[in-house]
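The values are calculated or read from the model by the stated rules, or taken from the named source; none is laboratory data. Keep in mind the model is a prediction, meaning the values are calculated, not measured. Note that we place each Cβ from the backbone using ideal geometry, even for glycine, and neighbour counts take in every protein chain shown.
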Amino acid sequence: MDLGTRKILDRSFTAVGITSIVLMALALLIVVVPIVRGGLGALYFTGTVEHRKIQYEEFGEGDGRRLTREIEETEKARAPVYRFLGEFEAEMESMDPVKKRELASKYGKVKRVLAHMLGPLPGEPEPILLRFQYGRTRWEQVEESLHDLLFVTKWDYSNPEEMAKEYFVPRIDEFRGTALAGLFPYVENNIESMMLPRPTFYWGFITNKSLDAHIFGGIWAEIQGTFFLAVGAMLFAFPLGVIAAIYFTEYAKDNFFTSMLRSANSTLAGVPSIVFGLFGLAFFINTVKVSESKSVLAGSLTLAIMVLPTIIRAAEEAILAVPITYKEASLGLGSTKWRTIMTVILPAALPGIITGGIISLGRAAGETAPIIFTAAVSVGATIGLADVFSSPTPALSWNIYNLASEHEAANEIRHVQYGMVLSLISIVLLLNLSAILLRARISKKLKG
Amino acid sequence: MQMTAESKDSAGVASQGGAKREIFLPPDRERLKEGGTPHVVAKNFSIFYGDFEAVKKVNADILSKYVTAIIGPSGCGKSTFLRAINRMNDLIPSCHTTGTLMFEGEDIYGKYTDEVLLRKRIGMVFQKPNPFPKSIFDNIAYGPRLHGVNDKKILAEIVEKSLRKAVLWDEVSDRLDRNALGLSGGQQQRLCVARALAVEPDILLLDEPTSALDPKATAKIEDLIEELRGSYTILIVTHNMQQASRVSDHTMFFYEGDLVEYAPTKHLFTNPRDQVTEDYITGRFS
């Protein structure tokens, strides 16, 4: 091949390589930017007085005196709303029955929207579920409710060829000429003084437990559960994996049995995680009965089996990468094999072993399938360290799935889901970062 | 070559049972009379890698407190023979031996021989400097610590003594806590010698200790061997014949696994008895 062709080939390959890297970086940005934006929305948002009420009443956080003042202020602003309702109800009493029946259901809708936005209306019985005891906590939710209040959603079915179209009709038209007509412009103009929106940094999203299935509150139970499960898995898998790797590299003879063990290990690394999940249920819970039912212990054991092959492989590679001259030097000085492994080989292999361990820790933290049947619950209390042997726990990975698919109010609390995703990604990223730093530090120490 | 060997055979030195061919023993009987005692004795000693006989039925006495050089072309089995003396070949799974190799009257490959104790008494320095990725102090103290010395004061004494013996003390005394991998190649190799000396061995095996070093560092290592002469039994494998003639009292010449000639260095280099030896030392070797 002549020089010209070679140069052209080199350049075109460089171009292709750079393009693919740029594309990958773009793809990463496209994935990460919305996650970060949505997730930060759980921490930093425009909160209403209702948010501050919950924080004060449920967690004892915030400035009580200021809150009392704010509540007085909002009640003053809300009083006319309730007056409109009272006047309209009185007016309805004297209407003719046909019109009354027609308006009653429309009025019911207005009341529901108002209760959703402002919290329970005066005179109504105290709701049992926490989610009905407070109004809307975030300003964008208030705006949605306001839109619901001001407009009636209708569907246009006129063209059978196409899907129906949504359109909005002002709700005030339904109540023209009644006492309620004044309500709509009033709410529209005074919504801010009724809700007192204020930029809020909600650190409690990380440190508070969730209230009423994540409708309010934070995700501490999930973070802690993830931590327990991942660390628990490593407690089992790391020592076992390192010992197995030492056996494979230093003690095992090259025979049929060990080559079987090796290929079994490789196969195990490729088994889908849901299979591990079902295995965990069948083996740890139903057969061995490590716990009555789902528990952190059973989940940790299942995750441990899942990450074990990775740890063994990484530790094996790391041990094999230690120069044989170290081993010769140590043995030549009259060291035993065991001493050599402990004082020379393992310290030199440590960066690689730790990297494998932390990457596995990240994987254990992020896996969903193995804990579905063995450890995770969608709604649960924060558990203590003593409960890990018997209690299941919520965990980030599982609750992200749960909020995305099964939660009844999934649409209203997207910010919680984003917040969980961001937290999980941050945890895994932090773990990997610490692996890189630790590795760099130990390598530097070894290189002198 | 085979022909010449056969003809030498008939020259008739005491025949040793079953040897494929006669070995040109031994060394310097005169020195034996002067008080030299055999330290390592090989009798019909063969080393195999699988089926391949890398060292063939060697018979030789290695004398105490002398420097013995082992020379020969690549792949002739000289390193294999050296590494057999402190059982370093145990690391190679396919390697096994026949015949006997005795160290102070004890069979090195005996059933009940503790190779750990053996290696404590037979120290080794390798071709490539191989300090541990630890501090200079910890490198030297590694051996003594293995053998139960934990007193810091005693360890410090041992470290100083060993480094002085290896003529390295003046260069590193102010940075004993630095990582040994920061030293130059020559310093690292002398550190390895010091590390081997720290466990107070009787025999020091040097496996091409200067092949990875520049001439200046090589000279220092040779000076060091000169320094240690008389205190330890030293075996040195080398490719460099000038080096062998400079540092050694006796020289063994290996060729294709056979110990072709073993004689006082002066004799071997000035008046080799074997044609192959002569070809090799004069560089007429193809």
Per the list (1) in a strand (DSSP E or B); (2) at pLDDT 90 or above, residue check on B:THR80 breaks on (1)
Could you please let me know if A:ASN411 is surrounded by 17 or more Cβ atoms within 10 Å (Cβ to Cβ), out of contact with any Leu (no Cβ under 9 Å at 6 or more places or on another chain) and either among the basic types (Lys, Arg) or assigned by TED's automatic domain parsing to the domain that holds A:GLU292 (or both)?
no
Part of a loop (DSSP other than H, G, I, E, B) and touching a residue at least 24 places away in the same chain (Cβ under 8 Å): does that describe B:ALA194?
no
Scanning for something over 21 Å from A:ARG363 (Cβ atoms) and in a helix (DSSP H, G or I), does the stretch A:235-243 turn up at least one residue?
no
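Determine whether A:ILE319 is of a type in the set (A, V, I, L, M, F, W, C), closer than 30 Å to A:THR382 by Cα, assigned by TED's automatic domain parsing to the domain that holds A:VAL271 and surrounded by fewer than 23 Cβ atoms within 10 Å (Cβ to Cβ). It would help to see each step written out before you state the result.
Values: of a type in the set (A, V, I, L, M, F, W, C): yes; closer than 30 Å to A:THR382 by Cα: no; assigned by TED's automatic domain parsing to the domain that holds A:VAL271: yes; surrounded by fewer than 23 Cβ atoms within 10 Å (Cβ to Cβ): yes.
When the stated conditions are applied, A:ILE319 does not pass them.
Is it true that some residue in the stretch B:86-103 is in contact (Cβ under 8 Å) with a residue 60 or more places away in the chain, within 11 Å of chain A (Cβ to nearest Cβ) and in a loop (DSSP other than H, G, I, E, B)? Steps first, please.
Keep residues of the stretch B:86-103 that are in contact (Cβ under 8 Å) with a residue 60 or more places away in the chain, which gives B:86, B:101-103.
If we keep only those that are within 11 Å of chain A (Cβ to nearest Cβ) as well, we get B:86.
From the residues that got through so far, the ones that are in a loop (DSSP other than H, G, I, E, B) too are B:86.
Yes, because at least one residue in the stretch B:86-103 is in contact (Cβ under 8 Å) with a residue 60 or more places away in the chain, within 11 Å of chain A (Cβ to nearest Cβ) and in a loop (DSSP other than H, G, I, E, B).
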So, in the stretch A:73-129, exactly how many residues are over 15 Å from A:LEU183 (Cα atoms), without any contact (Cβ under 8 Å) to a residue 60 or more places away in the chain and not in a helix (DSSP H, G or I)?
11
Looking only at the stretch A:126-142, decide whether some residue is within 28 Å of A:TYR202 (Cβ to Cβ), modelled with pLDDT of 90 or more and surrounded by fewer than 18 Cβ atoms within 10 Å (Cβ to Cβ).
yes
Looking only at the stretch A:205-217, decide whether some residue is in contact (Cβ under 8 Å) with a residue 60 or more places away in the chain and closer than 30 Å to A:ILE345 by Cβ.
no
Residues of the stretch B:117-126 being out of contact with any Leu (no Cβ under 9 Å at 6 or more places or on another chain) and in contact (Cβ under 8 Å) with a residue 40 or more places away in the chain, which ones?
B:ARG121
Only one of (1) of a type in the set (D, E, K, R); (2) under 22 Å from the mean Cα position of the chain (by Cα); (3) within 13 Å of chain A (Cβ to nearest Cβ); (4) not in a loop (DSSP other than H, G, I, E, B) is not met by B:ARG145, so which one is it?
(2)
Can you pull out every residue in the stretch A:334-351 that is in contact with a Pro (Cβ under 9 Å, 6 or more places away or on another chain) and within 17 Å of B:ARG87 (Cβ to Cβ)?
A:GLY334
Quickly run through the stretch B:161-185 and pick out the residues that are touching a residue at least 40 places away in the same chain (Cβ under 8 Å) and either within 14 Å of chain A (Cβ to nearest Cβ) or in a helix (DSSP H, G or I) (or both).
B:LYS165, B:LEU176, B:ASP177, B:ARG178, B:ASN179, B:ALA180, B:LEU181, B:LEU183, B:GLY185
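I need the full set of residues from the stretch B:189-204 which are within 11 Å of chain A (Cβ to nearest Cβ) and either on the phi > 0 side of the Ramachandran plot or surrounded by fewer than 22 Cβ atoms within 10 Å (Cβ to Cβ) (or both), in order please.
Filtering the stretch B:189-204 for residues within 11 Å of chain A (Cβ to nearest Cβ) gives B:191-192, B:195-201, B:204.
Hit for the stretch B:189-204 is B:GLU200, nothing else.
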Can you tell me which of (1) part of a helix (DSSP H, G or I); (2) away from chain B (no Cβ under 14 Å); (3) in contact (Cβ under 8 Å) with a residue 60 or more places away in the chain is the one A:THR249 doesn't meet?
(2)
Looking at (1) surrounded by 14 or more Cβ atoms within 10 Å (Cβ to Cβ); (2) out of contact with any Pro (no Cβ under 6 Å at 6 or more places or on another chain), can you tell me which one A:PHE256 breaks?
(1)
Restricting attention to the stretch A:188-195, does a residue exist that is hydrophobic (A, V, I, L, M, F, W, C), in contact with a Ser or Thr (Cβ under 9 Å, 6 or more places away or on another chain), part of a helix (DSSP H, G or I) and farther than 30 Å from A:MET420 by Cα?
yes
Quick one: would you say A:THR325 is without any contact (Cβ under 8 Å) to a residue 40 or more places away in the chain, within 7 Å of chain B (Cβ to nearest Cβ), closer than 16 Å to A:LEU446 by Cβ and more than 40 Å from the chain's Cα centre (by Cα)?
yes
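Residues B:THR251, B:THR218: which one is surrounded by fewer than 23 Cβ atoms within 10 Å (Cβ to Cβ) and more than 14 Å from chain A (Cβ to nearest Cβ)? I'd like the intermediate steps shown before the answer.
Working: B:THR251 fails: surrounded by fewer than 23 Cβ atoms within 10 Å (Cβ to Cβ).
None of the other options fit; the residue is B:THR218.
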Enumerated helices (runs of 4 or more DSSP H) restricted to the stretch A:329-448, each holding at least 3 residues that are away from chain B (no Cβ under 14 Å) and over 13 Å from the mean Cα position of the chain (by Cα):
A:346-366, A:369-372, A:414-447
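Taking the condition of being more than 7 Å from every other protein chain (Cβ to nearest Cβ) and within 10 Å of B:ILE203 (Cα to Cα), how many residues in the stretch B:119-134 meet it? It would help to see each step written out before you state the result.
If we filter the stretch B:119-134 for residues that are more than 7 Å from every other protein chain (Cβ to nearest Cβ), which is where we start, we get B:121-122, B:125, B:127, B:129, B:131, B:134.
Restricting the remaining residues to those that are within 10 Å of B:ILE203 (Cα to Cα) gives B:121-122.
Count: 2.
Of B:ILE140, B:ILE158, which residue is within 11 Å of chain A (Cβ to nearest Cβ), part of a helix (DSSP H, G or I), within 26 Å of B:GLU226 (Cβ to Cβ) and at pLDDT 90 or above? Walk me through it before giving the result.
Values: B:ILE158 fails: within 11 Å of chain A (Cβ to nearest Cβ).
The unique qualifying residue is B:ILE140.
Filter the stretch A:203-229 down to the residues that are part of a loop (DSSP other than H, G, I, E, B) and within 21 Å of A:GLU406 (Cα to Cα) and list them by number. Please lay out each step first, then the result.
Going residue by residue through the stretch A:203-229, those that are part of a loop (DSSP other than H, G, I, E, B) are A:203, A:208-209, A:212-215, A:218-219.
Correct list: A:LYS209, A:ASP212, A:ALA213, A:HIS214, A:ILE215, A:GLY218, A:ILE219.
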